[in-house]
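No value in this document is a laboratory result; all are computed from the given coordinates. What you are looking at is a predicted structure, and each value in this text was computed from that prediction instead of being measured. Neighbour counts run over all protein chains shown; Cβ positions are idealised from the backbone, glycine included.
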Amino acid sequence: MSDGPRVALTFDAEHPDRPHHGAHAAWVLDELRRLDVRASVFLQGRWVEAFPGLARRVAAEGHLVGHHSFYHARMPLLSDDGFAEDVREAERVIIETTGTDPRPWARFPFGAGADRADLVDRLGILGYRHIGWDVEVYEWDPGRTADEIAGRAVEGVLAHGDGAILLLHTWPDPVAPALAEIVKRLRAEGARFVGVDELDLPDGLTPVGQPQPPVAAPMG
């Protein structure tokens, strides 16, 4: 086995709030299978209801299944009861659809609330830990190209080193086309692709990963 740095590719599977061309989640899963990469996929409950076949594929193809809320609301805006209801409803749908319990892996929508100890504690009481990220490439921003996404992802991961968590989404246009280049270039550096459950995470139900400033795209 390679002794190179570990990289966790993570995807938020959710209803997009920006224009897109559909069917990209299936394309992402096709590429991950072709490239023989295990990823961590955080599933929004309503997305699972809308695309149960894709949600089942995530689990059946060996990816880590995580929780990404039910409504994709900013969790700090919810009441205590609303917070618990959202988490439990998404959990129910994910388990019923995929046969996989997402606990303890969760990601707050937009990362909102990850910096609040009370919300992290509330999530922990429900059996989850928030998984943040170390590298973000803003692939949802209109006009991004696959080459730009790949360059930003590779540069950010290599700058971070072992255990980097890369945030991606299943729906933006450039993601699936960028995956082959991301994987090729990182494997050339000796990287190993792992689930977040294969990283050395802190003990306890604590936030993991801290968003970093955007990495400048390489010139040329």
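Here are some notes:
- Linear extension gain, ALA84 paired with ALA188, 0.36 nm per residue minus alpha-carbon span: 33.1 nm
- Contact order relative to length of the stretch 1-157, as percent, for alpha carbon pairs under 8 angstrom and 6 or more apart: 19 percent
- FRET efficiency for HIS15 and ARG38, using Cβ-Cβ distance with R0 set to 25 Å, rounded to 0.05: 0.55
- Sites ALA159 and ASP118 - FRET efficiency at Förster radius 22 Å, r taken between beta-carbons, to 0.05: 0.10
- Between ILE95 and ALA50, the FRET efficiency from the beta-carbon distance, with R0 = 22 Å, is close to 0.85.
- Geometric extent, Cα atoms of the stretch 15-153 - Rg, Dmax (angstrom): 15.3, 44
- Cα-centred dipole magnitude for the chain, charges only on beta-carbon of K, R (+1) and D, E (-1), debye, nearest 20: 380 debye
- The average projected area of the stretch 80-215, computed from the convex hull of its Cα atoms over all directions, is 9.1 nm².
- Annotation: amide H of TRP133 within the under-5 Å range of GLN210, sequence separation 5 or more or interchain, hydrogens built in the peptide plane.
- Most to least packed among 106-116, 164-174 [average Cβ atoms within 10 Å]: 164-174, 106-116
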